[in-house]
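Input: a single structure, listed below in structure tokens.
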Amino acid sequence: MLKRFFSYYKPYKKLFILDFGCAIVAALLELAFPLVVNDVIDKIMPQKNWGLIMTACLALLGFYIINTILQYIVVNFGHRLGVNIETDMRRELYAHLQKQPFEYYDNQKTGKLMSRLTTDLFEISEVAHHGPEDVFITIMTLIGSFLIMLQIHVKLAVATSILIPFITIALVVFNKKMTKVNTEIYQNLGEFNAGIEASVSGIRVVQAFANEAFERTRFEKLNQNYRQSKIKFYSVMGVSSAYNYLLIRLISLFALIFGAFYTIRGEISYGQFVGFILLSNVFIRPIEKVNNMIESYPKGIAGFKRFIEEIDRPSTIVDAKGAVELREVEGTIKYENVSFKYSDGTEVLNEISLQVSPGETVAFVGPSGAGKTTLCNLLPRFYDVTGGKVTIDNQDIRDVSLDSLRSQIGIVQQDVFLFPGSLRENVAYGKLEATEEEILKAVELAHLNLVVDGLPEGLDTIVGERGVKLSGGQKQRVAIARMFLKNPKILILDEATSALDTETEQVIQESLLSLSEGRTTLIIAHRLATIQQATHIVVVDEGGIVEEGNHETLLAKGQSYKKLYDAQFRD
């Protein structure tokens, strides 16, 4: 894990060397200060030469100025190093999340993923900055000050440092405990964030059902779980801090008692005694950092473990080795003995075979849960088949690159997702480099211009989170306008009008007919009135495809489709 961690320093070697080098020089100057004081007291003061004393004091001032500059570099550029590493990790994690298939997100909570992208990486950043530097300087300062103290007086140095092993044991024990507690904190924080995200994004449903009290109770449970984890962490930290505080003060006390004893006996001079006391302060300063290390390192370690766990999770849907670009698509689609089951073993499709000709409009109907949406989701590889194959123009879709495959397929869903920007930005999402003329043309084709003309800011109107300021029909028109801009060869309409009123549905239906013209179109529908013009209707149930044909042929058969039709138009 350490090797993985330090690999993120590679792009910033110069920054690391600057930060690390300045920290070492600053630590060495701290070690030199007691020796200068020692010489001032024992060698310069007896000469009673005020000019020489002032020269020595100016030299010490120079030390302080240099150290001030070094401290600025360490704090500023050191944190910059940490932020750079944090940014790289976040970029890598975000790119990794983008590659995950739909099934991954079926089992994830948005709040947990947000926690991994934010809080976890912030703690890792702190360790990335302070970690190597603190550990090295702590060891260097301890050894350096101890060696200098040995030069002054061996017995006094040993007496002063005799408590170090007990502090080392505390560091190991408490670090292990706090890493475990921090892992629990991150888990609870993920649940906490997920709960907040769900309750805030669903606030309209909460208020509609007058369930504020229930949500407050649920939130309080999450809040208390997180609180208890934090209390457990600070309880361990409190014991650690108190333990180390006592040992550190005992080191200072030992230095004072034994230093005074050996000074009175004449074994060391007053200058050496003062210098030794200052050295003991330098000696214990890195030990005091141990408390900060025990607090921050376990957070960073726990965060990095979670980061690695996520990064090492393989994406099940990736480009095959040697994948080719899918270009100049005609639109022939074949499902050849296609089967699909989820990773938990739940079977959805079993040996489905179907052929769709270029420019044909195929509608899938049947009961909910029969696999209609799954069948269409296999085409852009949102899920991968577990048996058989799907081809476009006789090319297995697993042998072409994901980007080129999905660029040829457009999807209009019932639940349209809009980004919290302007209407123009959401339409242009279909083709990011679209010109204003192309955007306006797409708006007109989708009959969205009727909506835009009624808005005070036109296309620059802010739509709100998930397009909350627009009606269902207006959002559908935005989705259709996006598809006109994208101009895919294959179109999937997933119950695109099922949630609309009759008048709005007719307008949207006209737009969809215009959009599907000249394209191979797959329609998932519950309202049979919307698919009567389809060239090919496929009836699907839990057992697979049970009927195929056009509207008139299927009605004449008087089987599954006729039953669905009669159920909807019985009146």
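How much net charge surrounds VAL416 when only other residues with a Cβ under 14 Å from its Cβ are counted (Lys, Arg +1; Asp, Glu -1)?
Values: positive: ARG466, LYS469, LYS475, ARG477, ARG482; negative: ASP415, GLU465, ASP494, GLU495.
Within the 14 Å Cβ shell, the charges total +1.
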Along the Cα→Cβ direction, 7 angstrom out, place labels at ASN350 and ALA323. What is the inter-label distance in nm? 3.1
Debye-sum result for region 413-571 in log10 I(q)/I(0), which assumes one identical scatterer on each alpha carbon, at q = 0.09, 0.19 Å⁻¹: -0.34, -1.13
Using modelled backbone amide H atoms (1.01 Å from N, in-plane), which distant-in-sequence or interchain residues come within less than 5 Å of THR361's amide H? THR521, THR535, HIS536
Please list, in order along region 42-50, the HN-Hα scalar couplings obtained from phi with the Karplus expression 6.51 cos²θ - 1.76 cosθ + 1.60 (θ = phi - 60°), rounded to whole Hz, x for Gly and Pro. 7, 10, 8, 4, x, 6, 6, 9, 4
Efficiency of FRET between VAL135 and LYS10 - r from beta-carbon atoms, R0 22 angstrom, step 0.05: 0.70
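Hey, can you rank 536-549, 97-110 by average C-beta count inside 10 Å, highest first? Mind showing how you got there, number by number?
On the way: 536-549: 17.9, 97-110: 13.7.
Result, highest mean first: 536-549, 97-110.
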Applied in sequence order to region 389-403, the curve 6.51 cos²θ - 1.76 cosθ + 1.60 (Karplus, θ = phi - 60°) yields integer Hz couplings, x standing for Gly and Pro, of 7, 10, 10, 10, 6, 6, 9, 4, 5, 7, 9, 10, 5, 4, 4
Rounded FRET efficiency, nearest 0.05, which uses the C-beta distance separating PHE219 from TYR72 and R0 of 30 Å: 0.10
For P(r) over Cα pairs in 20 Å bins from 0, in percent, with candidates (1) 18, 46, 29, 7, 1, 0; (2) 17, 37, 27, 14, 4, 1, 0; (3) 16, 35, 25, 16, 8, 1, 0, the value calculated from the shown model is option (3)
Extension reserve of the ALA260-SER315 stretch, reckoned as 0.36 nm per residue once the Cα distance is removed: 13.1 nm
Sort 332-344, 417-429, 468-480 by the packing proxy (mean of other Cβ within 10 Å over each peptide's residues), most packed first. 468-480, 417-429, 332-344
Karplus (6.51, -1.76, 1.60) ³J(HN,Hα), θ = phi - 60°, over region 20-37, in Hz, Gly and Pro reported as x: 5, x, 5, 5, 5, 4, 4, 5, 5, 5, 4, 5, 6, 4, x, 5, 5, 4
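In region 2-311, what is the volume of the convex hull around the alpha carbon atoms, normalised per residue and reported in Å³?
Details: hull volume 49.3 nm³, N = 310.
Considering the Cα atoms of region 2-311, their hull volume per residue is 159 Å³.
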Rounded to the nearest 5, what % of DSSP beta bridges with both residues in region 418-571 are antiparallel? 55
Residue-averaged 222 nm ellipticity for the chain, from DSSP H runs of 4+ at -39500 (n - 2.57), nearest 500: -21000 deg cm²/dmol
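Any idea what the dipole of region 2-311 comes to, in debye rounded to 20, about its Cα centre with Lys/Arg Cβ at +1 and Asp/Glu Cβ at -1? Mind dumping the intermediate values first?
Values: 32 positive and 25 negative charges, 57 e Å.
In total the dipole reaches around 280 debye.
Order 68-76, 134-142 from most to least packed using the mean count of other Cβ atoms within 10 Å.
Ranking, from highest mean packing down: 134-142, 68-76.
Count the DSSP beta bridges whose two residues both fall in the chain, then state the antiparallel fraction as a percent rounded to the nearest 5.
The answer is about 50 percent antiparallel.
Can you work out D for region 35-106 in µm² s⁻¹ from Stokes-Einstein, where Rh is the Kirkwood radius over C-alpha pairs, the temperature is 37 °C and the viscosity is 0.692 mPa s?
Numbers: Rh = 16.9 Å.
Answer from the Stokes-Einstein relation: 194 µm²/s.
Quick note: the coordinates plus some simple rules give every number you see, no bench work behind them. Predicted model only: the values in this text are computed from it and were never measured. A quick note on method: Cβ atoms are made from the backbone with ideal geometry, for glycine too, and the neighbour counts reach across all protein chains shown.
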